[in-house]
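Before any comments, here is the structure.
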Amino acid sequence: MERSRIAVAGASGLIGGALVRSLAADGHEVVRLVRRAARSADEVCWDPAGRYVDTAGLAGCDVVVNLAGAGVGDRRWTPEYKRLVRDSRVLGTAALAEAVAALPRPPRAFLNGSAIGFYGETGDRAVDEDAPPGDGFLPSLCVEWEQAAAPAREAGVRTVFLRTGLVVARGGGAWGRLFPLFRAGLGGRLGDGRQYWSYIALHDEVAAIRHLIDRDTLSGPFNLTAPEPLTNREITEAMGRVLRRPAVFAVPAPVLRAVLGEMAGDVLGSQRVVPRRLLESGFRFAFPGIDEAIRAAA
């Protein structure tokens, strides 16, 4: 890809930070959206909750990538925190989509975060991008999240939805909490361990986003998950195997429900999601298997 000017919201997060580093290393001009007054030419002020974006700072951007949003698993799902999770995604996406649509020269692409939570509980059934949304908080959130990008799409901007799975990384996200437990020999399956986890190595997540940035014919939803989802039991065994630690502990479902509340339903739920459209577009995973994904993160 030729040198481009790319704006990234959520640049301080796990995926956003890795994406910014990757783009900058290849010589692209990266503009970061910040929730304060801009202090340099590579920053743009925005207020997701207030649906405000300093559109002048987006002028000349070839691509806008929105990865902003409060962490779904950072706190117990109280009504207040669920509202924060929703607003940080839906209002932020709406603000950026409206800003993109209002630019005299809109960017050629708008890539917006989403999640495989879109599909809800799938059990043992493998689903791809053609599957309908599921039921519950996360599916309804993902539907609203994607719908909020409508102004950009209606303005003719190529719009891509990044339906991301569980990112295998040491430095953050759900997996960032698993590594210390397994290294201490305290890791184990959650519930009965039969639920499917659709994962992706952080390296492949960033590579997939860049793949979607580069290809002007690609739009709509893309599942960012490794080709073969595994059960929680299989992943637990892989963590123990790769880290050379026992993985004999198990957290019973009732305990998870007592500790996590409503969020336990998603931890114990099964999502067998496959990246059909990503593979059909020619993307090749560097770390498709769980062992290699864990080694890359460890």
note = Scanning segment 59-71 for residues that are crowded, with 16+ Cβ neighbours inside 10 Å and out of contact with any helix residue (DSSP H, G or I) (no Cβ under 6 Å at 6 or more places or on another chain) gives CYS61, ASP62, VAL65
request  = Quickly run through segment 100-131 and pick out the residues that are under 19 Å from the mean Cα position of the chain (by Cα) and open to solvent by 60 Å² or more (accessible area, probe 1.4 Å).
outcome  = GLU121, ASP130
request  = Might you check whether a residue that is more than 17 Å from PHE287 (Cβ to Cβ) and at pLDDT below 95 occurs anywhere in segment 153-172?
outcome  = yes
request  = Considering only residues that are within 17 Å of the chain's Cα centre (by Cα) and polar (S, T, N, Q), look in segment 1-58 and name the one that is farthest from ARG170 (Cα to Cα).
outcome  = SER22
request  = Test ARG83 against the stated conditions and say whether it is open to solvent by 50 Å² or more (accessible area, probe 1.4 Å) and within 27 Å of GLY176 (Cα to Cα).
outcome  = yes
query = When only residues in segment 174-194 that are open to solvent by less than 10 Å² (accessible area, probe 1.4 Å) and closer than 22 Å to THR164 by Cα count, which is modelled with the highest pLDDT?
reply = GLY193
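The values are calculated or read from the model by the stated rules, or taken from the named source; none is laboratory data. Values in this document were obtained by computation on a predicted structure and should not be read as measured data. Please note: Cβ atoms are built from the backbone with ideal geometry, for glycine as well, and neighbour counts cover all protein chains shown. Heavy atoms of the whole protein, side chains included, go into the accessibility calculation; ligands, DNA and RNA do not. Shrake-Rupley method; radii C 1.70, N 1.55, O 1.52, S 1.80 Å.
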